[in-house]
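Step one of this worksheet: look at the structure below.
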Amino acid sequence: MYKNFLKPASDIFFAALALIILLPIFIAVLVLLTIANSGSPFFIQTRPGKNGNYFNIIKFKTMNDKTDENGELYPDNIRLTTIGKIVRKTSLDELPQLLNVIKGDMSFVGPRPLLPEYLPLYSKEQARRHEVKPGITGWAQVNGRNAISWQEKFKLDVWYVDHQSFILDLKIFFKTVKKVFISEGISAEGQATTTRFKGN
């Protein structure tokens, strides 16, 4: 009952409530990133959700689009703006995903939605992470986030799929709040964000 009815309903209710409460912060970050990114405050990208169905994820854009002399984008650590670093450190870049939750594309808690090109690279077991809606935060995020290997993340994602419950979601939520405050696991070692998954 929780997975099929209570969780989806509570997701939409609390996402709408959070968006209303956090609206002043949302607007402030929107204005600052519009200035820092020369008019592009949002990062919108296609991601696979539940059952591999595609949706457009919405995040605040923390990196600019500066390119080198060959027209190639600079590395992430160079394109990450000053305000973008602050937004990422406080996880405010995830705030627009409340809209994805309200639309029903995502949940508050679930495996993070990753890039479409990763789909054919998953093992059969790893692909099970798509049996549930992706989340703003998840079991892998509170157990290492970007500081652990892809294989560890996927094991944690699948474990969540098999053990999701109201108590577990509540535990993940409060652990997420704690990790946001201490800014733990935001980046992989030596990276501004995280390394790309290249298969097993």
I want to check the label-to-label distance for residue 149 and residue 178. Put each point 7 Å from Cα in the C-beta direction and report it in nm to one decimal.
2.6 nm
Radius 14 Å from Cβ of residue 74, net charge of other residues (Lys, Arg +1; Asp, Glu -1)
-3
Can you list which of the trypsin sites (Lys or Arg not before Pro) found in the range 89-166 are DSSP loop residues with at most 15 other C-beta atoms within 10 Å?
124
Once whole DSSP H runs in the chain are found, which of them have Cα atoms spread over 15 Å or more along the helix axis and a mean Kyte-Doolittle score of at least -1.0?
7-21, 23-36, 150-163, 166-182
In what sequence, largest accessible area first, do 11, 105 appear using a 1.4 Å probe?
105, 11
Taking the DSSP beta bridges in the chain as the whole, what percent of them are antiparallel, to the nearest 5?
80 percent
Largest-first ranking of 180, 29 by accessible area, probe 1.4 Å, whole protein assembly kept, is 180, 29
3J(HN,Hα) from dihedral phi, the range 109-118, Karplus parametrisation 6.51/-1.76/1.60, rounded to Hz, x for glycine, proline:
10, x, x, 5, x, 10, 6, x, 5, 7
At what distance in nm do the modelled label points of residue 198 and residue 3 sit from each other, each positioned 7 Å from its Cα along Cα→Cβ?
3.6 nm
Ignoring ligands, DNA and RNA, what percent of the 1.4 Å accessible area of the range 60-136 is carbon and sulfur?
56 percent
Considering only protein heavy atoms, what per residue accessible area in square angstrom results for the chain with a 1.4 angstrom probe?
55 Å²
Please list 57, 12 in order of solvent-accessible area, largest first, computed with a 1.4 Å probe with all protein chains present.
12, 57
Only four residue types carry charge here, +1 at the Cβ of Lys and Arg and -1 at the Cβ of Asp and Glu. Report the dipole size of the chain about the Cα centre in Debye, rounded to the nearest 20.
440 debye
Given H placed on each backbone N at 1.01 Å, which residues far from residue 135 in sequence or on other chains put an amide H within less than 5 Å of it?
107, 110, 112
Among [x] 62, 41, 25; [y] 53, 42, 31; [z] 63, 51, 27, which one is Cα extents along the principal axes in Å computed from these coordinates?
[y]
Magnitude of the Cβ-charge dipole (Lys and Arg +1, Asp and Glu -1) of the range 1-106 about the Cα centre, nearest 20 debye, reported as 400 debye
So what are the ³J(HN,Hα) numbers for the range 42-54, from phi and the Karplus equation (6.51, -1.76, 1.60; θ = phi - 60°), rounded to whole Hz, Gly and Pro as x?
10, 10, 10, 8, 6, 9, x, x, 4, 6, x, 6, 7
What residues of the range 1-17 lie in the reach of a label at residue 51, counting those whose backbone N is under 15 Å from a point 7 Å from the Cα along Cα→Cβ?
4
Length-normalised contact order for the range 63-136 - Cα pairs under 8 Å, 6+ apart - percent:
27 percent
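The values are calculated or read from the model by the stated rules, or taken from the named source; none is laboratory data. Nothing here was measured: the structure is a model prediction, and the numbers come from that model. Cβ coordinates were reconstructed from backbone atoms using ideal geometry, including for glycine residues, and neighbour counts include every protein chain displayed. Just the protein is used for accessible areas: all its heavy atoms, side chains included, with ligands, DNA and RNA removed. Shrake-Rupley method; radii C 1.70, N 1.55, O 1.52, S 1.80 Å.
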